[in-house]
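See below for the structure under consideration.
Please treat every number below as a calculation from the coordinates, not as lab data. Just so you know, these numbers come straight off a predicted model, no measurement behind them. Cβ sites come from the backbone with ideal geometry, for glycine too, and all protein chains shown count toward neighbours.
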Amino acid sequence: MIKVVRVRPMITLDQTELLPQVEIILHSEAFRSSEVLRRLLRFLADKYVAGEADQLKEYTIAIDGLDKPSSYDPRHDSTVRIQVGRLRQKLAEYYRTEGKDDPIIVDLPKGHFKLSWEPRPPKSEVLPTQPNGTAGIGKPVGITAVLMWVALFFAISWGVYSGEQLHRAQTKFPQLEGVWTQDLEELWRPFLTAGGPVILAIKDPLFLELKHGSGIYYRDKSLNDWDEILASSSVSDVRKALKNPDIQPSRYYTAFGEVNAAFSIEKLLGARGQKLSLVRTSELSVQQVADNNVLFVGGQVFIGSQLHGMPIKPELVPASTGIRDLNPNSSDPAVFLDHFSTAPSEEGTVYALVTHLPGPLGKNDIEFFTSNRSAGYVAAVQWFTDPASAQTLVTNLKKSTGKFPRYYQVLLEVKFKDEVPIQTTYVLSRELR
């Protein structure tokens, strides 16, 4: 039986249809837990309908859309760019899941603050031919037309099959634009277990909350223990200036770099079916570290202290100025020094250290991604989740013995600007025994 494919005409839209679709998105599971992205999406949609989307600037979005203070400076604060990027990813996630059948697709093109929206491409209807040899459209079908329809049918069938196979591969493998490689397998094999979830520990820095007015939060990077805060003269001076308000510890915040890195790891391992459990480092118990495979992501203050007491001693250790080599070769420096500036321009070069060790009892695996700047450990995670960079890492790790080491350290040099890594270079690696 010959079948004829009839494509429905493209539906045109008017602006009154945008806001109802946006409301559907705002009440979805994907957006329900992110008030910031909900507020940003509603703001951008309102500006579009009002005809003001083409005039949107980063400063305007910060002040009117994200409730930032008037002192917001896009040159020194990348909040808007970060949240716009998150919104773009969240919209893509929504349309892959809950919104896969929505008639209207809302998007936020890269490099723009203006929403785009269009009807979902129409689906094809397949009409059976009538017994008299005519198609469902009421016209005779000649032999040439029959052959054309047969060819078209097989072409469409092959296209659907190929697309489905590609979709399955993209779902199974870690990256939508790449494939799971043998090099990635070498790097991540210890964390692809059939047992319980891998613990992903993210540093939650210690803040001092001063109960003054609506609340003031104070952070000194050198103070990471409550007893240190209580004994600090600088904290005492701050309290005196505010007439000695009550204080309490606060760990409500983490850096965007930790979140970025955690997302990349979850995307990679989650696509292989590995479950992850997200834990604050301040709440991670010694027993959990001893019983589970653990991935640490964060600054060097916390992670440096966690390296003590492990069965194997690392040769490269974090330092406040960079990475210290406890056993340097004749051609290597004793300290790999960071060189960077902070405000008003945050850029420079930092070193990132990846350390793979056995757990305290030697029966599990622990891996640390660390640096003095978030751009450093973000770049390190990017290298360990990218197929091309993974090949470079595995090749160098196998150089000395021809086999991939069980435990090791990798040192990377990262150039960054505005906390975004722009160039990452392999420096050295060490097998640990």
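I need the full set of residues from region 270-282 which are surrounded by fewer than 16 Cβ atoms within 10 Å (Cβ to Cβ), touching a residue at least 40 places away in the same chain (Cβ under 8 Å) and out of contact with any Lys or Arg (no Cβ under 6 Å at 6 or more places or on another chain), in order please.
Looking only at region 270-282, we keep the residues that are surrounded by fewer than 16 Cβ atoms within 10 Å (Cβ to Cβ), and these are 270, 272-273, 275, 277-278, 280, 282.
Checking which are touching a residue at least 40 places away in the same chain (Cβ under 8 Å) leaves us with 272, 275, 277-278, 280, 282.
Within region 270-282, Arg272, Lys275, Ser277, Leu278, Arg280 qualify.
Out of curiosity, is Thr349 in a strand (DSSP E or B), without any contact (Cβ under 8 Å) to a residue 24 or more places away in the chain and over 22 Å from Asp204 (Cα atoms)?
Numbers: in a strand (DSSP E or B): yes; without any contact (Cβ under 8 Å) to a residue 24 or more places away in the chain: no; over 22 Å from Asp204 (Cα atoms): yes.
No: the conditions fail for Thr349.
Restricting the search to region 376-393, which residues are in contact with a helix residue (DSSP H, G or I) (Cβ under 7 Å, 6 or more places away or on another chain) and hydrophobic (A, V, I, L, M, F, W, C)?
The answer is Val378, Val381, Trp383, Phe384, Ala390, Leu393.
In region 64-80, what residues are part of a helix (DSSP H, G or I) and surrounded by fewer than 15 Cβ atoms within 10 Å (Cβ to Cβ)? Talk me through it step by step, then tell me what you get.
As a first pass, look at region 64-80 and keep what is part of a helix (DSSP H, G or I): 64-65, 79-80.
Asp64, the sole residue that qualifies.
Run Pro103 past the list (1) buried (at least 16 other Cβ atoms within 10 Å of the Cβ); (2) in contact with a Lys or Arg (Cβ under 6 Å, 6 or more places away or on another chain) and report the number of the one that doesn't hold.
Only one criterion is unmet by Pro103, namely (1).
Condition test on Ile61, is it of a type in the set (A, V, I, L, M, F, W, C) and either loosely packed, with under 15 Cβ neighbours inside 10 Å or not in a helix (DSSP H, G or I) (or both)? Spell out the reasoning first.
Working: of a type in the set (A, V, I, L, M, F, W, C): yes; either loosely packed, with under 15 Cβ neighbours inside 10 Å or not in a helix (DSSP H, G or I) (or both): no.
It is false that Ile61 is of a type in the set (A, V, I, L, M, F, W, C) and either loosely packed, with under 15 Cβ neighbours inside 10 Å or not in a helix (DSSP H, G or I) (or both).
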